[in-house]
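To start, the structure itself, in structure tokens.
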Amino acid sequence: MIELQPPTLAPEVWLNYRTAAVRQLAFALASPNILSSLPPELQIQHAFTLHADIFWQQHYLNYQQRLAYLDLHPEALHNFLNQLKSTRLGLRFEMLMWFWLLDHDYHPFELLGHSIQIIDGAKTIGELDFLLRNHDTQQIEHWEVALKYYLAEADFSLPHWYGLNRSDTLARKLNHFSQKQFQFEQALNFPIQQRFAVLKGQLYFPHLYSQNTVDRTPHWVNRARRLGTWGNHIPEKTADFYRLQRHEWICQNVQASSLANQWWTDGLYFQAT
């Protein structure tokens, strides 16, 4: 997979920082959702919402001072992330969101619970990522967070977006949100009044269609987010692509983590321009 240049609509402010974990934290907060709206063909069983881009932009601005401090003194962030033993990027993204939510001086959210298991008798029927009280609205919110990378195929419609595991599709994830994860009316004795999916990451279009992608892009794809291409095409060596390390899938490091590519393997590549 190869990333295209970012659009001008959403500055990639996470690149302003030098510490790798802080860049990832800034990305987790400031990047827009990969979808601007829910696809109309999605069958909604339990309604949920996506935050508007301005929501994330404003909360990034509110958190800038803290991010600048962490960039110079990242120990608290490093210690927090070191609690995670898994290498799964989705869990690391959840930890980054958790770190921000615990910094309650910078936003109106009171964290009521994290990874809340819902149990019916001897059976666990679900788990909530975050339960929050929004002190601006005085409502209880349930957030599910996910970091996803999907490749478009065929006509780019909802059924044709695939993860690296072919069984992990965008349609399956959205259906899981609606049918499973947002099914609960209450948690920890709080009535749930708002449900939000935080769905960030990257979308990729086939390389051969990169020149006419705009006309075919579904309206629900967020064009404020960087779009990439995927395929088997081998760029010229002078293009200066290098392969990203695992954590760099969230945000690339300041310095290139590998040499410019001389041969190609499966992975995510970034163009050093």
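Read-outs: derived from the displayed coordinates by stated rules, not from any lab. All of these numbers come straight from a predicted model, not from anything done at the bench. We place every Cβ from the backbone using ideal geometry, glycine too, and count neighbours over all the protein chains shown.
Hey, fewest Cβ within 10 Å first, where do I140, I54 land in order?
I54, I140
Taking just the alpha-carbon atoms of the range 100-215, what radius of gyration and Dmax come out, in angstrom?
When restricted to the Cα atoms of the range 100-215, Rg and Dmax are 17.6, 55 Å.
Near N134, within a Cβ-to-Cβ distance under 11 Å, what is the net charge of the other residues, with Lys and Arg +1 and Asp and Glu -1?
Values: positive: R133; negative: E110, D136, E141.
Taking every Cβ under 11 Å from that of N134, the sum is -2.
For the chain, what does -39500 (n - 2.57) per DSSP helix run (n ≥ 4), summed and divided by total residues, give at 222 nm, in deg cm²/dmol to the nearest 500?
Numbers: 6 runs with 63 residues, N = 273.
After summing the helix terms and dividing by residue count, I get -7000 deg cm²/dmol.
Could you pull out every residue, at least 5 positions away or on a different chain, whose amide H is within less than 5 Å of the one on G113? Hs are placed 1.01 Å off N in the peptide plane, and Pro or chain starts have none.
L131
For the chain, give me the percentage of DSSP beta bridges that are antiparallel, rounded to the nearest 5 percent.
On the way: 26 of 44 bridges.
Around 60 percent antiparallel, to the nearest 5.
With +1 on the Cβ of every Lys and Arg and -1 on the Cβ of every Asp and Glu, and nothing else charged, how large is the dipole of the range 58-139 about its Cα centre, in debye rounded to the nearest 20?
Values: 6 positive and 10 negative charges, 54 e Å.
Charge dipole of the range 58-139: 260 debye, to the nearest 20.
Kirkwood hydrodynamic radius, the chain, all distinct C-alpha pairs: what's the number in Å? Please report the intermediate quantities before stating the final value.
On the way: mean 1/r = 0.0505 Å⁻¹.
Evaluated over the chain, this radius sits at 19.8 Å.
Straight-line reach only, C-alpha to C-alpha below 14 angstrom: list the aspartates and glutamates that K180 could link to, leaving out same-chain residues fewer than 8 apart.
Within the straight-line limit of under 14 Å, K180 reaches these aspartates and glutamates: E127, D129, E144.
Residue farthest toward the positive end of the dipole of the range 2-271, with Cβ of Lys/Arg at +1 and Asp/Glu at -1: which of Q117, L101, W161?
Sorting the options by dipole projection puts first W161.
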